[in-house]
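Visitor: Take this structure first; my questions come after.
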Amino acid sequence: MATSGTAKNWRTTAQTYNFGNFWGGLAVPGAAARLRIHEADGTPDATANASAFHYGATKGGSKLMIKSNFKDLSVDEFRGPISTTIESIEMGISAELIATTDIVLMTRLLPGVATYATGALSGDDAAYTEARIGVKALAYESCALIFQLVEDTTEWGVFHLYNALNNTGVEWAVTRVEAGFTPISFVGYELTSRAATDSMGCYWKSKQTT
């Protein structure tokens, strides 16, 4: 009986080897839709994402994470588990940002904690910008890391969290010998109004996979 081989696909072009841009304040796409981006430069479409906020430069790029935690079922009669179920899902974006004196940015990194304000000093014409620290209502945001594809530099990869916040606070050094960076970790939270298969985020690219 004649047989034939199966073609191999080494997938060597499907790699991440470019810097990405981290955006917040994005619109959450509808069911079966994706974040609208400007195809020419990979930025969020300004009309659909009028409140988009660019988080700026990073120390060493961004790390993207999707992880599911399984809970196995075991019975006495068998040594190995007989089935499993997904107990939880995690999705997140982490980086180290350089803009530690940008009060607007720092306020966004402290949801439920920082309140932004500007004004003038009492009895002085000098203005100030501040993040006053206390407790207020939590505010989640839709955020995404958008990066240029290696396989086609006219196309884009998008790692989108529908409903997220930075859960690590901020921490940075003020020193003469090096620039200060603050580590951040945006984690996704489920939007329970969406379909179970599309409640946390979407990782997609604007080029069809083969």
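The values are calculated or read from the model by the stated rules, or taken from the named source; none is laboratory data. Here the structure is a predicted model, which is why all the values come from computation and not from measurement. Here Cβ is always computed from backbone atoms with ideal geometry, including for glycine, and neighbour counts include all displayed protein chains. Note: areas computed on protein heavy atoms with side chains; ligands, DNA, RNA excluded. Shrake-Rupley method; radii C 1.70, N 1.55, O 1.52, S 1.80 Å.
Visitor: I'd like to know how segment 158-210 sits against the 2.2 N^0.38 Å rule of thumb: what's its Cα Rg over that expected value?
Guide: Details: Rg = 16.9 Å, N = 53, 2.2 N^0.38 = 9.9 Å.
Expressed relative to 2.2 N^0.38 Å, the Cα Rg reads 1.70.
Visitor: When the Cα atoms of segment 120-162 are enclosed in a convex hull and the volume is divided per residue, what value in Å³ results?
Guide: Values: hull volume 6.3 nm³, N = 43.
For segment 120-162, the hull spanned by Cα atoms encloses 146 Å³ per residue.
Visitor: Separate question: Suppose the chain between ASN9 and ALA33 were pulled fully straight at 0.36 nm per residue; how much longer would it get relative to their current alpha carbon spacing?
Guide: Values: separation 24, 0.36 × 24 = 8.64 nm, distance 2.86 nm.
Stretched out fully, the ASN9 to ALA33 stretch lengthens by 5.8 nm.
Visitor: With the contact rule set at Cα under 8 Å and sequence spacing of 6 or more, what percent relative contact order holds for segment 1-126? Intermediate results must be reported in sequence, preceding the final value.
Guide: Working: 129 pairs, mean separation 22.5, N = 126.
For segment 1-126, the relative contact order is 18 percent.
Visitor: Report the relative contact order of the chain, percent, no decimals, based on alpha-carbon pairs under 8 angstrom and at least 6 residues apart.
Guide: Values: 418 pairs, mean separation 45.5, N = 210.
Taking the mean separation of contacting Cα pairs over the length of the chain, I get 22 percent.
Visitor: Ok, one more. If I take every Cα pair under 8 Å that is 6 or more residues apart in segment 151-210, average their sequence separation and divide by the length, what percent do I get for the relative contact order?
Guide: On the way: 82 pairs, mean separation 26.5, N = 60.
Relative contact order comes out at 44 percent.
Visitor: Between ALA195, ALA179, ALA120, find the one with the highest GNM mean-square fluctuation for the chain; connect C-alpha pairs within less than 10 Å.
Guide: ALA120
Visitor: As an exercise, identify the GluC sites (Glu not before Pro) in segment 13-98 lying in DSSP coil whose Cβ has no more than 14 other Cβ atoms within 10 Å.
Guide: Working: sites: GLU39, GLU77, GLU87, GLU90, GLU96; in loops: GLU39, GLU77.
Taking segment 13-98 and a limit of 14 other Cβ atoms within 10 Å, the loop GluC sites (Glu not before Pro) found are GLU39, GLU77.
Visitor: What is the Å³ per residue value for the convex hull set by the Cα atoms of the chain?
Guide: Numbers: hull volume 52.9 nm³, N = 210.
Normalising the Cα hull of the chain by residue number yields 252 Å³.
Visitor: I've got another one for you. If you place +1 on the Cβ of every Lys and Arg and -1 on the Cβ of every Asp and Glu, how big does the dipole about the Cα centre of segment 75-164 come out, in debye to the nearest 20?
Guide: Values: 4 positive and 13 negative charges, 75 e Å.
Value, rounded to 20: 360 debye.
Visitor: Mind checking the alpha-carbon convex hull of segment 71-141 and giving the volume per residue in Å³?
Guide: Spread over its residues, the Cα hull of segment 71-141 gives 146 Å³ apiece.
Visitor: Just the number, please: carbon plus sulfur as a percent of the accessible area of segment 1-157, 1.4 Å probe, no ligands or DNA/RNA counted.
Guide: Result for segment 1-157: 54 percent of the exposed heavy-atom area is carbon or sulfur.
Visitor: With the calculation restricted to Cα positions, what are the radius of gyration and Dmax of segment 118-210 in angstrom?
Guide: According to the Cα coordinates of segment 118-210, Rg and Dmax are 19.8, 66 Å.
Visitor: Right, next: Of the chain, which part is the longest with no chymotrypsin sites (Phe, Trp or Tyr not before Pro) in a loop (DSSP not H, G, I, E, B) and with at most 13 other C-beta atoms within 10 angstrom? Walk me through the numbers before you get to the answer.
Guide: Working: sites that count: TRP10, TYR17, PHE19, PHE78.
Of all site-free stretches, the longest is 79-210.
Visitor: When the dipole is taken about the Cα centre of the chain, and only Lys, Arg (+1) and Asp, Glu (-1) are charged at their Cβ, what size is it in debye, to the nearest 20? Could you put the intermediate results ahead of the total?
Guide: Details: 16 positive and 21 negative charges, 77 e Å.
That gives a dipole near 360 debye.
Visitor: May I ask you to derive the FRET efficiency for VAL174 and ARG132 from their Cβ-Cβ distance with R0 = 30 Å, giving the value to the nearest 0.05? Intermediate results must be reported in sequence, preceding the final value.
Guide: On the way: r = 20 Å, r/R0 = 0.66.
Taking R0 as 30 Å, the efficiency between VAL174 and ARG132 is 0.90.
Visitor: Okay, next question. Hey, got the Cα dimensions of segment 6-111 along the principal axes, in Å, largest first?
Guide: That works out to 60, 44, 33 Å along the principal axes.
Visitor: Still on this structure: Under 20 Å from a point placed 7 Å out from the Cα of THR154 along the Cα-to-Cβ direction: which residues of segment 30-49 have their backbone N that close?
Guide: 37-45
Visitor: Now for a separate question. Between TYR203 and ASN167, what is the FRET efficiency for a Förster distance of 35 Å, r being their Cβ-Cβ separation, to the nearest 0.05? Please list the in-between numbers first.
Guide: On the way: r = 20 Å, r/R0 = 0.58.
Approximately 0.95, to the nearest 0.05.
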